[in-house]
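The values are calculated or read from the model by the stated rules, or taken from the named source; none is laboratory data. Bear in mind that the values here come from a model prediction, so they are computed numbers and not experimental data. When we count neighbours, we look across all protein chains shown, and the Cβ atoms used for this are built from the backbone with ideal geometry, even at glycine. Note: areas computed on protein heavy atoms with side chains; ligands, DNA, RNA excluded. Shrake-Rupley method; radii C 1.70, N 1.55, O 1.52, S 1.80 Å.
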Amino acid sequence: MNAPAAARNAAVITAVMQEITPLRGRALEIASGTGQHVVQFAAALPELMWQPTEPDAMRRLSIDAYALRAGLPNLRPALHLDAAKPGWHKDHYGQDLIVMINLLHLISEAEAQTVIHETARALAPGGRFLLYGPFLRDGRATSEGDAAFHASLRASDPEIGYKDTAQIGAWAEAAGLIKPTWRKMPANNLMLIIEAPQPE
């Protein structure tokens, strides 16, 4: 499977990840989609053991096909995971890095809170959650195109749409994580960087 958006943004996301991710340990990608991203991540960050996940069975086949072609020793077969459902942290505790790309605007606020709550419990102390995608800032979209896309999402399902950075920060802090910082990315996207506290 091939997703044009993944082909466009994989290189720039990978470059930023190389700057801000842990150098070694365990990495989990939520909603790996076609598998185009995680193969690049695993190649660029070889000291991290990457676990792709995806709820859709056909996409898991695509992820495994990309992984087979790449032949990377630090890339595991894709697992089924619906991160919007509670309880998954129990099977994935101790992650040094959790990555989620272009999903939060496609799920409801309640599901987004579940993702953040579960991620907080799956991260190892000092681990990082990288959250990439389009977001509202101070309640507003940053371009006409984003405003139109957000409106179209809400028209199709009033429960979904862009989430505000302040809202995500509040959810993260309520889950015991450190207030997010962010990096500006191409096409008005952001990379939110959310850390688990170090033990005292």
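Taking the residues in the stretch 152-178 that are among the β-branched types (Val, Ile, Thr) and assigned to a loop (DSSP other than H, G, I, E, B) as candidates, determine which candidate is nearest to Arg128 (Cα to Cα).
Within the stretch 152-178, the first condition is being among the β-branched types (Val, Ile, Thr), and the residues that meet it are 160, 165, 168, 178.
Those left that are additionally assigned to a loop (DSSP other than H, G, I, E, B): 160, 178.
Values: Ile160: 25, Ile178: 10 Å.
So the residue we want is Ile178.
Restricting attention to the stretch 82-111 and to residues that are touching an Asp or Glu at 6+ places or on another chain (Cβ under 7 Å) and in a loop (DSSP other than H, G, I, E, B), the residue that is nearest to Val16 (Cα to Cα) turns out to be Ala83.
Would you be able to tell me the number of residues in the stretch 114-148 that are assigned to a helix (DSSP H, G or I), touching a Pro at 6+ places or on another chain (Cβ under 9 Å) and over 15 Å from Leu190 (Cβ atoms)?
The total comes to 3.
Residues in the stretch 126-155 that are on the phi < 0 side of the Ramachandran plot and touching an Asp or Glu at 6+ places or on another chain (Cβ under 8 Å): Gly127, Arg128, Phe129, Pro134, Phe135, Leu136, Arg137.
Table: residues versus (1) over 11 Å from the mean Cα position of the chain (by Cα); (2) of a type in the set (A, V, I, L, M); (3) open to solvent by 10 Å² or more (accessible area, probe 1.4 Å).
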residue	(1), (2), (3)
Gly94	yes, no, yes
Met100	no, yes, no
Leu103	no, yes, yes
Glu111	yes, no, yes
Gly126	yes, no, yes
Leu131	no, yes, no
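Taking only the stretch 45-75 into account, find how many residues are of a type in the set (Lys, Arg) and buried (at least 18 other Cβ atoms within 10 Å of the Cβ). So the count comes out to 2. Taking the stretch 1-15 as the range and being within 18 Å of Pro134 (Cβ to Cβ) and either exposed (fewer than 11 other Cβ atoms within 10 Å of the Cβ) or acidic (Asp, Glu) (or both) as the test, only Pro4 passes.
For the stretch 158-178, filtered to residues that are of a type outside the set (Gly, Ala, Ser) and open to solvent by 60 Å² or more (accessible area, probe 1.4 Å), the residue that is nearest to Ala84 (Cα to Cα) is Glu159.
Close contacts from the stretch 9-36, counting a first residue that is under 15 Å from Met49 (Cα atoms) and a second that is among the aromatic types (Phe, Trp, Tyr) and outside any helix (DSSP H, G or I), with Cβ to Cβ under 7 Å and a gap of 6+ residues or different chains, come to Ala27/Trp50; Glu29/Trp50. Within the stretch 179-200, if we keep just the residues that are part of a loop (DSSP other than H, G, I, E, B) and touching a helix residue (DSSP H, G or I) at 6+ places or on another chain (Cβ under 8 Å), the residue that is surrounded by the fewest Cβ atoms within 10 Å (Cβ to Cβ) turns out to be Lys179.
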